[in-house]
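Here is the structure we will look at.
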Amino acid sequence: MTALFGKFFGLKDVESIDEISGSFKAEWARGAPVWVLFGIAALTALALAFYLRHQPRARRGVRIGLAIARALTLGLLLLILADPMAEIHTTNNPPPMVYVLFDGTDSMNITDELTDAQRASLGAALGIPADGATASSQSTAGAGKLSRADYVRAMLQQKQQNVIRRLEEKYRVKAFRFDQPERGVSEIHLDDPSTEQFDAATAVKQLTADGQVTALGRALDDLGQRHASNHLAGVIVFSDFAQNNGPAPAGGDQSPARRLRVPVYTVGVGPKAAIDIGVDLQAPLLMKKSELSNLTVALRQSGLDDRLITVKVMQRRLGGDSSATSDQWTLVKSQDVKLDGATASLEIPYTPREVGRLEFRAEVDPQPGEVALDNNRSSREVSVRDDFLRLMFVEFEPTWEWRFIKEVFHRDSLVGMRGFRTFLRSSDPKVRQTNELFLPTMTPQRSDFFLNDVIFLGDMPANTITPRFCEMTKEFVSKFGGGLVVMAGPRFGPSQLAGTPLADMLPVVVDPNGRLRDQAAFELRLTPAAQQYDFMRLGGANAENDHNRAWANLGKLPWYQPSLRVHPLATVLAEHPTDMCIDNKTPQPLIAIRRYGKGEVIYLAFDETWRLRRKYGETYYRQLWGQMIHRLGLSHAIGTQKRFVVRTDQQQYQEDDKVILTVEAYDANFEPLSDPKVLSGELILPSARGGAPETRAISIPLLSPPDSSAVKGSEKTGLDRKEGVYELRIPVLTGGEHRIRVKDPVAEAGKEGGAGAAFSEVVFQVTNLSVERRSAVRNLQLEQQIASETGGKSYDLETVGKLPDEIRLPSVKETEVKNISLASTWLCFGLAMVFMLGEWLVRKLVNLA
């Protein structure tokens, strides 16, 4: 009865009818339903009077029956005019909703190199003819070779056991395509509008693969937000899972896949393994002239076991010489490597003979059957200097830390005797004037101060920390990307920095009334974040035992300087095992790091790291401080290079992208350069067909200065100041290597560097090969991770035919309230016809018509 009642009122999938109530929609009847009753009574009286008084020819019983029929007809018409409404409360059990998500990115256009057996097996599963031709094939690889997208289209066109058609028999199916991160997903219409039945031709036309990046995480997020539905019971994803943009789709309780709160069934497209070799070249950012360095070539391979391949490492100079072309490569070394595992590495000793900028390139030849060739080559740019890192150590009096750090960097090839300078407040002024190790003042001229690369600030009293030193240090870190290391000492402590601009830069909030804590010795405790910083990973790179042994060698520390709390933007690398901050929840930070503007600030709540020398000499001590100054000093332009910095927003672009060229220009005193208003330069395009490179003149305008309010804010924070910054957007239309050379007006005028230093250069690559095509295999690990984390299951195109039978999605019950106009139902129409025709027939039979 429930089903029949539901069909009568047009209700689908009704499990039960819980409540029915009525009302009138017509305004005259809604407020006073009694008028409808009075009207029906009046019409009944009129019908009786008509037949009993004015129709005497028929028998009395017949006339009464005809009067009742007339009264019912008139009463029904009055009810229709009152527009009766039925409010029906139902519990429904509709079929579960299933979303099908198709990958519409360029990696789906890859034509995989499959064996004949693999191609035959895939063709048999998808109903593809032996010649490989499909009605919707868009592959250009020839007969028998289909792209990944072609195989998905073939699945949609299967005549027998079509997966989508079988899903629609059990579920409500909606399909989507993801191809552009900025717009999430786009709906695909699977059904023919005229028949409302699944139509393969309609679906295939919409299954394009034009997207340039795979942002599966954003697509799943969009499904869960813009297309959220309480009826959703499952998601099926067809993709090669080549995630290369946006948030990771899986991994953690708040991942996009988990937030859907439904099982996700993944269908992998593309081979699990393929013939592929990738090259990664690792080289130090800075090399010292005539000193031995190492180039490391890392190889990753699949399907090439026991293959002998040749690795070539080449170099070329990058400099101000406009005659240099991209063809001037010289061979550094060529070596055969036998592949006997998934990875292999090759160490190549290299000693630079000249200063300048070099580009190294490692490459291997394409292997038979290899599809993804973009990863067969890797390049790195290196600066070779006969210069040194400049370190400035500001301290009140000699400490053990000061002594040992000085000795370490005096023997460091990148610092040396010329690179380490110190201001020691307690030293004899005559010594500071005559000994080149010492600085006469902690606030030298700007032209000297900003040549530094890393500044160490030790235990200094407040009356020696001048406002000029604070402001220059702040500018040095925020604007020029310099590094600052603050070490709290036992005599004065970080409370001396309270109220100074330096306090705003620290990774901790200092306590103005803080006092040394030395009640009990303790062992510092490393945080999980310490593993992310190379200067904290002492010992072997992957040797956990060495790592623990190194820090255990520090022993128990006798004291530390407490902080109020950790700065919100800081990362704590080491903490106290028991003492808490002012909130009684956060452990006291002992080593912390924070980015400030373009640079970084590292804070140590003690100056006792010299204890690392206790058992193993300088091994771990040198590693800690050496890697720390490498991080702080080499993450930006060094020395005089900071005065004129030319950079692009990326190192690699796609055709039709726009390159953002930025020049930070300062004069010899490191004041922002504002004259001239436009810098001149040249863009050197890659040579076409072996011809000479084309050179185009470019002009880089000075960015508009900020308004007065912005200037005040920038002076307060030391950030976001635009003085001395030039910027230009350059469209790139052709692939290959591009070079931009910008003329330095200060160097050209002979103020520094001579004529050879008049140009600064930046090199970038433009490729017409999509990032989507850098991997020849599907990401099987991500595919399986998404399925396992959400309670789904992983398939491929050969096994996806099992999915409609194996998928078990729970029914979704819903309570629904529907208001139905009874006047427009077949019941009202049928009753009116029955009453009127019945009355007319009876009148005909008794000769009253």
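The values are calculated or read from the model by the stated rules, or taken from the named source; none is laboratory data. What you see is a predicted model, and the numbers here were worked out from it, not measured in a lab. Here Cβ is always computed from backbone atoms with ideal geometry, including for glycine, and neighbour counts include all displayed protein chains. Quick note on the areas: whole protein, heavy atoms, side chains included, nothing else; ligands and nucleic acids left out. Shrake-Rupley method; radii C 1.70, N 1.55, O 1.52, S 1.80 Å.
Across the range 479-497, the number of residues qualifying as closer than 17 Å to LYS642 by Cβ and open to solvent by 10 Å² or more (accessible area, probe 1.4 Å) comes to 2. Would you check if there is a residue in the range 506-524 being buried (at least 18 other Cβ atoms within 10 Å of the Cβ) and within 26 Å of GLU664 (Cβ to Cβ)? Within the range 506-524, one or more residues are buried (at least 18 other Cβ atoms within 10 Å of the Cβ) and within 26 Å of GLU664 (Cβ to Cβ).
Does the range 768-799 hold any residues that are at pLDDT below 90 and open to solvent by 20 Å² or more (accessible area, probe 1.4 Å), and which are they? The answer is ASN768, LEU769, VAL771, ARG773, ARG774, SER775, VAL777. For the range 295-308, indicate whether the set of residues that are over 30 Å from GLN367 (Cβ atoms), aliphatic (A, V, I, L, M) and open to solvent by 50 Å² or more (accessible area, probe 1.4 Å) is non-empty. The answer is no, given that none of the residues of the range 295-308 is over 30 Å from GLN367 (Cβ atoms), aliphatic (A, V, I, L, M) and open to solvent by 50 Å² or more (accessible area, probe 1.4 Å). Every condition in (1) closer than 30 Å to ALA32 by Cβ; (2) modelled with pLDDT under 85; (3) open to solvent by 60 Å² or more (accessible area, probe 1.4 Å) is met by PRO56 except one, and the failing one is (1).
Mind checking which strands (runs of 3 or more DSSP E) fall wholly inside the range 245-358 and carry at least 3 residues that are over 30 Å from ASN230 (Cα atoms)? Lay out the reasoning, then the answer.
Working: elements: 264-268, 276-282, 286-288, 293-302, 308-318, 330-338, 343-350.
Where strands (runs of 3 or more DSSP E) fall fully within the range 245-358 and carry at least 3 residues being over 30 Å from ASN230 (Cα atoms), they are 276-282, 286-288, 293-302, 308-318, 330-338, 343-350.
Restricting attention to the range 391-431, the residues that are among the acidic types (Asp, Glu) and not in a helix (DSSP H, G or I) total 4. Pairs linking a residue in the range 359-387 that is part of a loop (DSSP other than H, G, I, E, B) to a residue that is aliphatic (A, V, I, L, M) and open to solvent by 30 Å² or more (accessible area, probe 1.4 Å), with Cβ atoms under 7 Å and 6 or more positions apart or on different chains, are PRO366/LEU373; GLN367/ILE275; GLY369/ILE275; GLU370/ILE275; ASP386/VAL355.
I'm trying to understand the selection: among the residues of the range 570-585, which are among the polar types (S, T, N, Q) and under 16 Å from ALA529 (Cβ atoms)? Explain how you work it out, then say what you get.
The initial filter retains those residues of the range 570-585 that are among the polar types (S, T, N, Q), namely 571, 578, 584.
Within the range 570-585, just THR571 meets the criteria.
Selection of first residues in the range 621-650 that are closer than 16 Å to MET392 by Cβ and of second residues that are in a helix (DSSP H, G or I) and at pLDDT below 80, restricted to Cβ pairs under 8 Å at least 6 apart or on distinct chains, gives the following pairs, ordered by first then second residue: HIS636/LYS642.
For the range 440-534, the helices (runs of 4 or more DSSP H) that sit wholly inside it and include 1 or more residues that are touching a residue at least 24 places away in the same chain (Cβ under 8 Å) and in contact with a strand residue (DSSP E or B) (Cβ under 7 Å, 6 or more places away or on another chain) are 467-478, 501-505. A search for C-beta distances below 6 Å between a residue of the range 672-701 that is within 18 Å of GLN765 (Cβ to Cβ) and of a type in the set (D, E, K, R) and any residue that is modelled with pLDDT of 85 or more and not in a strand (DSSP E or B), counting only pairs 6+ apart in sequence or on different chains, returns GLU694/LEU685. Each residue in the range 34-57 was checked for being farther than 19 Å from PHE835 by Cα and in contact (Cβ under 8 Å) with a residue 24 or more places away in the chain, and 2 pass.
Table: residues versus (1) exposed (fewer than 14 other Cβ atoms within 10 Å of the Cβ); (2) among the charged types (D, E, K, R); (3) more than 17 Å from GLN623 (Cα to Cα).
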position	(1), (2), (3)
PHE388	no, no, yes
GLU395	no, yes, yes
TRP400	yes, no, yes
ILE405	no, no, no
ASP412	no, yes, no
ARG432	no, yes, yes
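Within the range 261-278, residues that are in contact (Cβ under 8 Å) with a residue 60 or more places away in the chain and among the aromatic types (Phe, Trp, Tyr) have Cβ atoms under 6 Å from residues that are open to solvent by less than 10 Å² (accessible area, probe 1.4 Å) and not in a loop (DSSP other than H, G, I, E, B) in these pairs: TYR265/ILE236, counting only partners at least 6 apart in sequence or on another chain.
Residue-level check: of (1) modelled with pLDDT of 85 or more; (2) within 28 Å of GLN654 (Cα to Cα); (3) buried (at least 17 other Cβ atoms within 10 Å of the Cβ); (4) in contact with a helix residue (DSSP H, G or I) (Cβ under 8 Å, 6 or more places away or on another chain), LEU156 misses just (2). Identify, from the list THR111, THR91, the residue that is out of contact with any helix residue (DSSP H, G or I) (no Cβ under 9 Å at 6 or more places or on another chain) and not in a helix (DSSP H, G or I). The match here is THR91. Mind counting the residues in the range 244-264 that are crowded, with 19+ Cβ neighbours inside 10 Å and polar (S, T, N, Q)? So the answer is 1. For the range 214-230, the condition holds for at least one residue, the condition being that it is under 18 Å from MET108 (Cβ atoms), open to solvent by 10 Å² or more (accessible area, probe 1.4 Å) and not in a loop (DSSP other than H, G, I, E, B).
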